[in-house]
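The values are calculated or read from the model by the stated rules, or taken from the named source; none is laboratory data. Everything numeric in this text was worked out from a predicted model, so none of it was measured. Here the Cβ positions follow ideal geometry from the backbone for every residue, glycine too, while neighbour counts run over all protein chains shown.
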């Protein structure tokens with residue numbers, strides 16, 4: 001990865017005063033040779049947690065234990081799942097949905113990468129990534145998220161996508177990857193159960209192609225009247 005992404009990561013942390021490390025995510029058609037492979041099964045969301053804490057690694061479908069992580073990252077064809085997972089019936093007794101129709105209606109809005117195109121997903125703190133990312137995932141406070149959204153609109157007038165109750169493997173990884181739009185959300189019950197997330201923290205994901213523009217805009221904005229005292 002060129003130094004530019006690492007430098008942008010440092011600038012982003014400095015301008016926003018981020019306490020958490022932004023995470024670089026990349027889909028790969030083959031297993032990389034220069035990264036360690038995840039050694040055990042874990043959830044997509046907990047992989048983000050590990051990367052925020054400094055770990056650099058990649059994972060294939062064999063290292064993904066969550067149906068959502070497999071389904072929405074495209075590592076496994078959902079037709080291979082057991083029927084109760086295809087229907088979503090397992091989420092009803094868990095209290096996530098009241099009925100199977102509610103699950104099915106909700107799932108229609110969850111974006112998924114086309115299954116089995118990619119072999120691996122790569123994770124790293126942005127400032128340490130040795131690959132060019134597809135998406136940058138950020139866990140931050142609401143004011144920091146607001147600044148990112150203003151920076152996105154600063155020169156373009158663009159609005160971000162607001163994530164709903166869907167799993168973050170879809171809303172905060174696949175959605176910005178497939179749409180090319182900045183995405184923000186509050187996490188879902190699954191990610192908040194399995195990640196180290198403070199009650200008042202929110203999420204923002206930036207397509208890597210937009211990162212330089214947003215960091216440049218942040219630098220300019222913070223010198224202006226409305227923002228210089230933040």
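Brief remarks on what is shown
- Residue 209 meets the stated requirement of being surrounded by fewer than 16 Cβ atoms within 10 Å (Cβ to Cβ), within 21 Å of residue 133 (Cβ to Cβ) and modelled with pLDDT of 95 or more.
- Hey, residue 196 without any contact (Cβ under 8 Å) to a residue 60 or more places away in the chain and either in contact with a helix residue (DSSP H, G or I) (Cβ under 9 Å, 6 or more places away or on another chain) or assigned to a helix (DSSP H, G or I) (or both) or not: no
- Within segment 32-46, residues that are free of Cβ contacts under 8 Å to residues at least 24 places away in the same chain reach partners that are part of a strand (DSSP E or B) with beta carbons closer than 6 Å, at six or more positions or on different chains, in the pairs 36/57.
- Selection within segment 162-193 - under 29 Å from residue 227 (Cα atoms) and surrounded by fewer than 16 Cβ atoms within 10 Å (Cβ to Cβ): 162, 164, 179, 180
- Filter result (buried (at least 19 other Cβ atoms within 10 Å of the Cβ) and in a loop (DSSP other than H, G, I, E, B)) within segment 54-69: 66
- Residue list for segment 1-47, restricted to those being within 26 Å of residue 71 (Cβ to Cβ), in contact with a strand residue (DSSP E or B) (Cβ under 8 Å, 6 or more places away or on another chain) and outside any loop (DSSP other than H, G, I, E, B): 23, 24, 25, 26, 27, 28, 37, 42, 44, 47
- Restricting the first member to segment 75-87 and to residues that are over 19 Å from residue 102 (Cα atoms), and the second to residues that are at pLDDT 90 or above and part of a loop (DSSP other than H, G, I, E, B), the beta-carbon pairs closer than 6 Å and six or more apart or on different chains are 77/115; 77/116.
- Matching residues, segment 77-122, being touching a strand residue (DSSP E or B) at 6+ places or on another chain (Cβ under 8 Å) and surrounded by 18 or more Cβ atoms within 10 Å (Cβ to Cβ): 113, 118, 120, 121, 122
- Only one entry in 113, 121 is within 14 Å of the chain's Cα centre (by Cα), part of a loop (DSSP other than H, G, I, E, B) and within 19 Å of residue 168 (Cβ to Cβ), namely 113.
- Residues satisfying the stated conditions in segment 130-158, i.e. part of a loop (DSSP other than H, G, I, E, B), touching a helix residue (DSSP H, G or I) at 6+ places or on another chain (Cβ under 7 Å), at pLDDT 95 or above and surrounded by fewer than 17 Cβ atoms within 10 Å (Cβ to Cβ): 132, 155
- Scoring residue 79 on the criteria (1) at pLDDT below 95; (2) not in a helix (DSSP H, G or I) leaves a single failure, condition (2).
- Lone unmet requirement of (1) closer than 25 Å to residue 196 by Cα; (2) in a loop (DSSP other than H, G, I, E, B); (3) within 19 Å of the chain's Cα centre (by Cα) for residue 51: (2)
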